[in-house]
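Report on one structure; see the data block that follows.
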Amino acid sequence: MGARTQSPPIGSTTEHRRRIFHAANALTTIGLIFTGFLITYPDLRAQLIGGYALQLAEWHRLMALAFMAMPVAWVLKTPTELLQTVSWHLRSTWLDLWRKAHYGICLVASAILVVTGTVLWLDIEVSHTTLDATVGAHVVSTWVVFLTIPLHWLSVASRVVRAKRKQATERSHKAV
Ligand code: HEM
Ligand code: HEM
């Protein structure tokens, strides 16, 4: 297996940073989906919190800043590691097809969310049709990320169960 296809060594600082990035990214993504959906669906907002439209938009923008600052901070800390980690994932032989697809979906959806989110935030002057398409792409990408999360959890859970079973089998083989 060539160096490009190996996963970051367990216990390395790269692996450590990758885990911290994942945790922070997961938290902000979930917060952005939650506030985003409450902005898109006023009836849901009325039922769940009964208002706060302006505050939600503020929170959404703050979380969006954190969401975008994290990869920037990683690149400032160590210029090549983020790119190297993305390349490891996309070229890996250690990720199954679903995990690779999930990785690709997260990358593409995040890029669309950042570009369309910036257009909305900066109030960039565009035609009505372009504005509708921008909001549409922001909301569709949100749905895509949202729907992949339970599949991601199932995949993680099944990996944990399989690893535990393998450990138990190995232990019982050793005991014989
Ligand atoms: C509380 C929610 C989540 C939990 C418990 C969780 C758990 C995990 C675990 C255990 C891993 C493998 C170990 C690792 O790479 O650190 C992983 C990997 C990953 N997660 Fe999550 N995750 C969550 C949310 C998310 C969200 C919201 C996204 C993106 C939208 C995401 C994207 C990824 C990606 C791209 C990977 C690397 C590829 C892989 O190993 O499958 N995760 N997650
Ligand atoms: C995981 C990332 C993100 C998710 C899931 C998400 C989701 C959403 C959703 C569903 C809406 C409501 C759209 C509507 O119906 O009008 C929204 C609005 C918005 N988003 Fe995001 N977003 C994300 C990232 C971003 C980023 C990175 C930015 C900024 C660069 C951003 C800026 C905005 C702005 C300015 C609005 C309009 C808020 C308002 O009504 O004043 N979003 N977002």
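The values are calculated or read from the model by the stated rules, or taken from the named source; none is laboratory data. Predicted, not measured: the structure shown is a model, and the values here were computed from it. Reconstructed Cβ throughout: ideal geometry from the backbone, glycine too, with neighbour counts over all protein chains shown.
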Worksheet entry | Restricting segment 71-88 to residues that are under 21 Å from ILE30 (Cβ atoms) and surrounded by 15 or more Cβ atoms within 10 Å (Cβ to Cβ), the residue that is farthest from ligand 2 (Cβ to nearest atom) | TRP74
Discussion item. I'd like to know if segment 146-165 contains one or more residues that are over 16 Å from ARG99 (Cβ atoms) and either of a type in the set (Lys, Arg) or outside the structural domain of LEU113 (by TED's automatic domain parsing) (or both).
Written reply: yes
Discussion item. With the structure loaded, tell me whether LEU95 is of a type in the set (A, V, I, L, M) and in contact with a helix residue (DSSP H, G or I) (Cβ under 7 Å, 6 or more places away or on another chain) or whether it fails that test.
Written reply: yes
Worksheet, complete the sentence: Within segment 124-135, residues out of contact with any Ser or Thr (no Cβ under 6 Å at 6 or more places or on another chain), more than 9 Å from ligand 2 (Cβ to nearest atom) and in a helix (DSSP H, G or I) come out as HIS128, THR129, THR130, LEU131, ASP132, ALA133
Practice prompt. Pairs only if they're at least six apart or on different chains, beta carbon under 6 angstrom, first in segment 125-136 and at pLDDT below 95, second within 14 Å of ligand 2 (Cβ to nearest atom) and of a type in the set (A, V, I, L, M, F, W, C); list them, first residue then second.
Written response: none
Practice prompt. Inspect segment 48-60 for any residue being part of a helix (DSSP H, G or I) and under 16 Å from the mean Cα position of the chain (by Cα) and give the result as yes or no.
Written response: yes
Discussion item. Which residue is nearest to ligand 1 (Cβ to nearest atom), if the candidates are limited to segment 20-64 and must be among the β-branched types (Val, Ile, Thr) and surrounded by 13 or more Cβ atoms within 10 Å (Cβ to Cβ)?
Written reply: THR29
Discussion item. Among the residues in segment 124-144, are any surrounded by 13 or more Cβ atoms within 10 Å (Cβ to Cβ), more than 11 Å from ligand 1 (Cβ to nearest atom), farther than 14 Å from LEU32 by Cα and of a type in the set (S, T, N, Q)?
Written reply: yes
Discussion item. Looking at segment 101-123, can you tell me whether even one residue there is within 14 Å of ligand 2 (Cβ to nearest atom), over 20 Å from HIS22 (Cα atoms), not in a helix (DSSP H, G or I) and not assigned by TED's automatic domain parsing to the domain that holds ASN25?
Written reply: yes
